[in-house]
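Notes follow once the structure below has been shown.
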Amino acid sequence: MRTVARSLATLGYRVAVRSLDLDLTVLDRLALRPPALVFNLVESLGGSGRLIHLVPAVLESRGIAFTGCGAEALYLTSNKPLAKRVMTSAGIPTPDWATLPRPRCQAGTRYIVKSAWEHASIGLDRDSLVAGGQVRRRLRQLSPFGGGDWFAERYIDGREFNISLLDGPAGPAVLPIAEMLFVDYPPERPRIVDYEAKWDPDSFAYQHTVRSFVDRREDSALKARLAAIARQCWRVFGLRGYARIDVRVDAAGQPWVLEVNANPCLSPDAGFLAAAEEGGHGRDQVVARICAALPAGASAESAVAELR
């Protein structure tokens, strides 16, 4: 939040910070004196990721301009099984998945059991990787907990890439593509970006999961294909402003989209700003381009109310 607020001030905006919980009447009060623009940084409401579409839904209903994706795009991408159905219908490759009450899983195939709604690897650990015959039991163990539903996704044993997109006058620009490297991982440890790898600096996973922007000549065709898939996700889900697409590539070189993150973190140590910096875009420039990517008829001229 502070990073974005500083950039907005540098760009000449007057900034007012508004915190939100499940009481959304603050948005009604905001509508009494609408700001030129709301910079939407809401990642959860009441501790639940399934509710993040409510803020843009209210802002849309009040006619208040805001940054990032609209309510529909946020809902479709936050509900991961629903997002996978949309991708499958559009011909975007995504791993097979299964849900309760009758998960259909292939014998001899491994699956990742993950939250249907929460992002940031919440609930993901080394026990999340299970054999097909264990999926039903694992889903039943988790379903009463964690504030949401769970599903199982076929595990893609291969390389992992993050593709960040930043809106602009000519449409979304694909920033330098990052590969997540699992350095010196022991054979028994799943090569996944789990909760420890993202949030526990003292853990093995955090210290040995490395983001790399190294461009290898032999990857040029693959990265062109990843960029094309990311742009397809942008079009299919109606994304706006900025986004990140998480992809696994199997041993045969086939990319598989894991998730579409329509509201990626903008903290200085997060992957989106790392990709932007690698591409020569400073934080202020990124924030300016996000502010400029508004629906037709909207404008941002004098003031910004920032929500978190």
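The values are calculated or read from the model by the stated rules, or taken from the named source; none is laboratory data. Source: prediction; values computed, not measured. In this analysis, Cβ positions are derived from the backbone assuming ideal geometry, glycine residues included, and neighbour counts consider all displayed protein chains. Calculation scope for accessible area: heavy atoms of the full protein, side chains included, ligands and nucleic acids excluded. Shrake-Rupley method; radii C 1.70, N 1.55, O 1.52, S 1.80 Å.
Structure values in brief
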| quantity | calculated |
| --- | --- |
| Matching residues, segment 1-26, being of a type in the set (G, A, S), touching a residue at least 24 places away in the same chain (Cβ under 8 Å) and part of a helix (DSSP H, G or I) | A5, S7 |
| Filter result (buried (at least 19 other Cβ atoms within 10 Å of the Cβ) and hydroxyl-bearing (S, T, Y)) within segment 50-70 | T67 |
| Test for R29: is it surrounded by 19 or more Cβ atoms within 10 Å (Cβ to Cβ) and in a helix (DSSP H, G or I) | no |
| Condition met for R62 (charged (D, E, K, R) and over 16 Å from P264 (Cα atoms)) | yes |
| Matching option when the condition is in a helix (DSSP H, G or I), open to solvent by less than 40 Å² (accessible area, probe 1.4 Å) and hydroxyl-bearing (S, T, Y), among T77, T88 | T77 |
| Wholly enclosed helices (runs of 4 or more DSSP H) of segment 173-271 bearing at least 1 residues touching a strand residue (DSSP E or B) at 6+ places or on another chain (Cβ under 6 Å), modelled with pLDDT under 95 and open to solvent by less than 30 Å² (accessible area, probe 1.4 Å) | 195-199 |
| Flag if E43 is open to solvent by 10 Å² or more (accessible area, probe 1.4 Å), part of a loop (DSSP other than H, G, I, E, B) and at pLDDT below 95 | yes |
| Filter result (surrounded by fewer than 18 Cβ atoms within 10 Å (Cβ to Cβ) and either within 29 Å of L41 (Cα to Cα) or not hydroxyl-bearing (S, T, Y) (or both)) within segment 96-119 | D96, L100, P101, R102, R104, Q106, A107, G108 |
